[in-house]
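One structure is given here, and the rest of the page talks about it.
Laboratory data are not the source of any read-out in this text; all were calculated from the coordinates shown. Predicted model only: the values in this text are computed from it and were never measured. Note: ideal-geometry Cβ built from the backbone for every residue, glycine included; neighbour counts use all protein chains shown.
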Amino acid sequence: MVNPSPDIDIIWDWMKQVEDPEIPVLNVLDLGIVRSIAWSPEQVLEISITPTYSGCPAMKTIETDIGEILEENGITRYQIKTVLAPAWTTDWMSEEGRLKLHQVGIAPPVGVSADKGLLMGKIRTVRCPICGSEDTSMISQFGSTACKALYRCENCLEPFDHFKCI
Amino acid sequence: MQKELFDYILRLADNSLIHGQRLAEWCGHGPVLEEDIALSNTALDFIGQATNLYKYAAELEGQDRDEDQIAFLRDADAYFNLILLEQPNGDYAFTMARQFLFTMWYYLVLEQLTNSKDSFLSGFAQKSIKEVKYHVIHSRDWILRMGDGTEESHQRIQSAFDSIWEYTPEMFEMDDLEKQMSEQGIGVDLLALRPTWRSQVEAVLQEATLTTPADAWGHSGGKRGRHSEHLGFILADMQYLQRAYPGAKW
Ligand SMILES: [Zn+2]
């Protein structure tokens with residue numbers, strides 16, 4: 001027998017099973033894209049998610065996957081809402097998420113997203129996730145997905161992805 | 001329904017969609033793989049932004065249309081994008097010049113819209129400006145690289161700016177709708193942005209050893225549905241599937 005209205009904390013915990021389809025090592029909590037979970041007065045579960053990028057093609061899959069987890073756990077009355085504000089920022093990415101990225105060879109975001117210097121041509125140091133060298137250079141601002149840039153390490157010569165700061 | 005706000009949202013949405021559609025034409029044709037990927041990513045950002053705006057427009061309209069119907073079932077005279085954005089891609093220099101001039105302007109517009117009294121628009125702007133920042137950086141890098149590059153790249157990017165310049169005045173045009181939206185604190189006073197835009201553009205062009213063209217006559221009409229012959233071809237390509245198979249879904 002499943003509890004008809006489980007505690008919010010338990011539901012948050014279920015979200016760890018929902019992967020980012022583009023970087024499956026991360027779950028939606030690592031990314032910080034689940035913004036709120038609450039029971040409405042009518043006992044409808046309301047979940048708000050926010051896209052990393054406006055055109056992120058993974059959002060639809062993530063929404064479907066969240067729905068599946070809820071249904072597996074016996075929740076049939078739920079509503080998943082996409083919100084734009086406040087805008088997602090890499091600052092919301094968990095420490096665990098950053099570590100996981102590093103472990104699979106993707107350099108995690110560095111610095112704070114509000115830094116306007118970038119627009120003025122300022123370049124941040126991105127550490128090579130393979131050998132740890134700081135002698136790296138950007139090949140392209142846009143990598144295999146909108147959220148990543150393409151870098152090369154001048155020390156070990158390996159190319160790598162960097163999760164950019166937004 | 002707030003007809004004015006609806007029309008204003010369509011102007012922004014159509015800019016994003018038509019620009020995204022043009023950039024997407026580079027997919028599979030980029031000069032190098034990294035640029036192919038960069039432009040496809042950029043196109044995706046703009047089409048995503050357009051989707052968000054059309055959804056809001058559909059909500060304002062309160063009828064049975066969704067974002068896809070608004071995008072795919074309107075004819076050219078009901079599209080309100082800037083004429084600049086429907087111009088054919090040309091060579092990579094032309095595409096980058098258009099990208100640079102437009103995103104420099106759009107960044108300033110979004111910066112103002114973050115303070116919009118319309119809460120959707122302000123949230124939309126806070127989200128989108130982060131993406132447009134990267135579009136500005138990407139195109140500016142190319143302006144510098146081509147302007148201060150070889151003789152041929154210099155000549156190509158200079159002639160791109162020379163031929164595209166006459167499409168820029170429309171960006172700052174304040175017609176009745178723009179004025180009304182600006183006065184209500186929803187929209188933006190575009191004229192006030194012009195000096196900043198001009199000096200920022202000039203600074204980059206100067207660094208790229210390029211000459212900023214002089215302001216002169218400019219095209220107008222896109223905001224009111226009067227377009228160049230190119231928009232019809234874009235729509236024919238983009239809308240074909242929904243026109244031939246109404247309601248088709250992935
Ligand atoms: Zn290395």
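Report, in listed order, any pair from A:LYS60/B:LYS179; A:LYS148/B:LYS127; A:LYS164/B:LYS223; A:LYS16/B:LYS55 with a Cα-Cα distance greater than 28 Å.
A:LYS60/B:LYS179; A:LYS164/B:LYS223; A:LYS16/B:LYS55
With N residues in the protein assembly as shown, what two-decimal value do you get for its Cα radius of gyration over 2.2 N^0.38 Å?
The protein assembly as shown yields a ratio of 1.03.
Work out how far the C-alpha atoms of chain B reach from end to end along every principal axis, then list the three figures in whole Å, largest first.
56, 42, 32
How high is the relative contact order of chain B, given as a whole-number percent (alpha carbon pairs under 8 Å, six or more residues apart)?
Relative contact order of chain B: 25 percent.
Once you keep just the Cα pairs under 8 angstrom separated by 6 or more residues, what percentage relative contact order results for chain A?
19 percent
Grab the DSSP H runs of chain A that are 4 residues or longer, score each as -39,500 (n - 2.57), total them, divide by all residues and round the 222 nm result to the nearest 500 deg cm²/dmol.
So the calculated ellipticity at 222 nm is -5500 deg cm²/dmol.
Taking chain A as the reference, fit the longest principal axis to its C-alpha atoms, fit the long axis of helix A:59-72 to the helix C-alpha atoms, and give the angle between the two in degrees, 0 to 90, nearest 10.
Helix A:59-72 and the main axis of chain A meet at about 40 degrees.
Highest GNM mean-square fluctuation, chain B, Cα pairs closer than 10 Å: which of B:THR103, B:THR196, B:THR168?
B:THR196
Hey, can you rank B:147-155, B:205-213, A:23-31 by average C-beta count inside 10 Å, highest first?
Taking the mean over residues of other Cβ atoms within 10 Å, the ranking is A:23-31, B:205-213, B:147-155.
Using +1 at the Cβ of each Lys and Arg and -1 at the Cβ of each Asp and Glu in the protein assembly as shown, identify which of A:MET59, A:LEU150, B:LEU193 lies farthest towards the dipole's positive end.
B:LEU193
Dividing the alpha-carbon Rg of segment A:8-87 by 2.2 N^0.38 Å yields what?
Scaled against compact globular proteins, the figure is 1.03.
Taking a ≥ b ≥ c as the square roots of the Cα gyration tensor eigenvalues, with a/c under 1.5 meaning rounded and otherwise prolate when a/b beats b/c, else oblate, which class fits segment B:129-177?
Taking the square roots of the gyration eigenvalues as a ≥ b ≥ c, segment B:129-177 is oblate.
For the charge dipole of segment B:38-118, defined by +1 on Lys and Arg C-beta atoms and -1 on Asp and Glu C-beta atoms about the Cα centroid, which residue among B:PHE80, B:THR114, B:PHE100 has the Cα displaced farthest towards the positive pole?
B:PHE100
Kindly write out, for segment B:99-106 in residue order, the coupling ³J(HN,Hα) from the Karplus curve 6.51 cos²θ - 1.76 cosθ + 1.60 (θ = phi - 60°), rounded to whole Hz, with x marking Gly and Pro.
The phi angles translate into 4, 5, 5, 5, 6, 4, 5, 5 Hz.
Using only Cα atoms, tell me the angle between helix B:3-24 and the longest principal axis of chain B; keep it within 0 to 90° and round to the nearest 10.
50 degrees
Looking at the protein assembly as shown, send over the antiparallel percent of its DSSP beta bridges, to the nearest 5.
Taking every DSSP beta bridge within the protein assembly as shown, about 70 percent pair in antiparallel fashion.
Let me understand segment A:24-166 better: what is its radius of gyration from the alpha carbons, and its Dmax, in angstrom?
17.6, 59
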